[in-house]
Amino acid sequence: MKKYTNIDDIENVPEIIQEAIQLKANPFQFEDLGKHKTLIMLFFNSSLRTRISTEKAAKNLGMDVMVLNVNDAWNLEYEDGTVMSLDTAEHIKEASQVLSQYADIIAVRAFPDLKSKEKDESEFMLNSFIKHTTVPIVSMESATAHPLQALADAITIEELKTKKRPKVVMSWAPHPKALPQAVPNSFVTMMHEMDVHFCITHPKGYDLNPKITKDSTIIYNQEEALKDADFVYVKNWSSYEKYGKILSKDTNWMMTKEKLGNAKFMHCLPVRRNFVVEDAVLDSDQSVVIQGANNRTYSAQIVLKKILENL
Ligand code: AN0
Ligand code: CP
């Protein structure tokens, strides 16, 4: 693997899921692979899981890890040819090349600001790193994708499914803040690669990028969509059409024990209790959010392993 910024960087999804499950059973089997290799993680945004699970994954492979909260460094310029007389103190060209000398792999978290669809979809931050660094890049969530999360979700479904082709429903939920579409985008893309019966449910106006949802079944009636679900993946996102806007905070879309039926409850976390999902769900045995978060280590570890093998 040359980089991991999108699910299509994976050659064979079913195979990588099985490899991750094997790694989980024996996480230290490749502890020499990353010896004298350094992972630098750059965070433009907050993180709990990604920050810690990716470091743990790298260390399981014997790598050294350095973390930079980029907002503590110099304010970066991405445009070519600008007169840097304002707030930006360092150009991505220098920053990327300098960091490449210190790292063998660079991982980046850079959320969108949800103001301009075109700008966010250009993935200018992530792509600037890809362009100007000389080492492989891993996305730890970019403007439009969260591929490490989706791979962990796939591992969780594979581990917990009790039938060959489970029904997976991705259900929108309300949220007080405008959130990106990165997590749902990657989850949808991943479900297309898996042998599952998949549908999406959300209020009108919340359709994701049709290039991503493609021919997914979209059902605007949540109750109908949730019928006989084996896994319910709950996530809020802001509108794609009215880009970055909150169109609804309708509490009727919150996930409840009653709506969940017998399905397993999934969420990437962090989650707002009793706004996105009620306590009764999170505190029940049907919630697999904690086990799911554990798989973040193994999704990161299998990705880092494949990149290290290709260095
Ligand atoms: C972020 C998002 O929705 O993209 C990160 C999730 C992993 N969530 C929040 O900001 C609450
Ligand atoms: N799920 C996830 O990416 O969590 P963090 O934002 O805490 O890293």
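The values are calculated or read from the model by the stated rules, or taken from the named source; none is laboratory data. What you see is a predicted model, and the numbers here were worked out from it, not measured in a lab. In this analysis, Cβ positions are derived from the backbone assuming ideal geometry, glycine residues included, and neighbour counts consider all displayed protein chains. Quick note on the areas: whole protein, heavy atoms, side chains included, nothing else; ligands and nucleic acids left out. Shrake-Rupley method; radii C 1.70, N 1.55, O 1.52, S 1.80 Å.
Anything in region 216-237 that is within 16 Å of ligand 2 (Cβ to nearest atom) and farther than 11 Å from residue 170 by Cα? List them, or say none.
The answer is 237, and nothing else.
Out of all the residues in region 123-134, is one or more open to solvent by 50 Å² or more (accessible area, probe 1.4 Å), touching a residue at least 60 places away in the same chain (Cβ under 8 Å) and more than 22 Å from the chain's Cα centre (by Cα)?
So far as region 123-134 goes, no, none of its residues is open to solvent by 50 Å² or more (accessible area, probe 1.4 Å), touching a residue at least 60 places away in the same chain (Cβ under 8 Å) and more than 22 Å from the chain's Cα centre (by Cα).
Search region 41-53 for residues that are within 6 Å of ligand 2 (Cβ to nearest atom) and pair each with any residue that is open to solvent by less than 40 Å² (accessible area, probe 1.4 Å) and not in a strand (DSSP E or B) when their beta-carbon atoms are under 6 Å apart and the residues are at least 6 apart or on different chains.
Sorted first by the residue in region 41-53, then by its partner, the pairs are 49/293; 49/296; 50/140.
Are there helices (runs of 4 or more DSSP H) fully within region 73-151 with at least 1 residues that are within 16 Å of ligand 2 (Cβ to nearest atom)? List them.
Per the criteria, 124-132.
Please work out if residue 116 is open to solvent by 10 Å² or more (accessible area, probe 1.4 Å) and free of Cβ contacts under 8 Å to residues at least 60 places away in the same chain.
When the stated conditions are applied, residue 116 does not pass them.
Counting just the residues of region 168-178 that are under 27 Å from residue 158 (Cα atoms) and hydrophobic (A, V, I, L, M, F, W, C), which one comes out nearest to the chain's Cα centre (by Cα)? Before you say what the answer is, go through the steps one by one.
Step one: filter region 168-178 for residues under 27 Å from residue 158 (Cα atoms), giving 168-173.
Checking the rest, the ones that are also hydrophobic (A, V, I, L, M, F, W, C) come to 168-170, 172-173.
Numbers: 168: 18, 169: 17, 170: 15, 172: 16, 173: 17 Å.
Per the stated criteria, the residue is 170.
Quick check on this structure: which one of 64, 8, 32, 87 is open to solvent by 80 Å² or more (accessible area, probe 1.4 Å), of a type outside the set (A, V, I, L, M, F, W, C) and within 24 Å of residue 184 (Cβ to Cβ)? Lay out the reasoning, then the answer.
Numbers: 64 fails: within 24 Å of residue 184 (Cβ to Cβ); 32 fails: within 24 Å of residue 184 (Cβ to Cβ); 87 fails: within 24 Å of residue 184 (Cβ to Cβ).
Going through 64, 8, 32, 87 in turn, just one is open to solvent by 80 Å² or more (accessible area, probe 1.4 Å), of a type outside the set (A, V, I, L, M, F, W, C) and within 24 Å of residue 184 (Cβ to Cβ): 8.
Could you tell me which numbered condition residue 279 fails, if it satisfies all but one of (1) in contact (Cβ under 8 Å) with a residue 12 or more places away in the chain; (2) farther than 30 Å from residue 62 by Cβ?
(1)
In region 22-72, how many are outside any helix (DSSP H, G or I), within 16 Å of ligand 1 (Cβ to nearest atom) and hydroxyl-bearing (Ser, Thr, Tyr)?
Of the residues in region 22-72, 2 are outside any helix (DSSP H, G or I), within 16 Å of ligand 1 (Cβ to nearest atom) and hydroxyl-bearing (Ser, Thr, Tyr).
Please verify whether region 153-162 includes one or more residues that are of a type outside the set (S, T, N, Q), in a loop (DSSP other than H, G, I, E, B) and away from ligand 1 (no atom under 16 Å from the Cβ).
Scanning region 153-162, I find at least one residue that is of a type outside the set (S, T, N, Q), in a loop (DSSP other than H, G, I, E, B) and away from ligand 1 (no atom under 16 Å from the Cβ), so the answer is yes.
Got a number for residues in region 9-22 being charged (D, E, K, R) and in contact (Cβ under 8 Å) with a residue 24 or more places away in the chain?
Kept after step one, since they are charged (D, E, K, R), are these residues of region 9-22: 9, 11, 15, 19.
Among the residues that remain, those that are also in contact (Cβ under 8 Å) with a residue 24 or more places away in the chain are: 9, 19.
Total meeting the criteria: 2.
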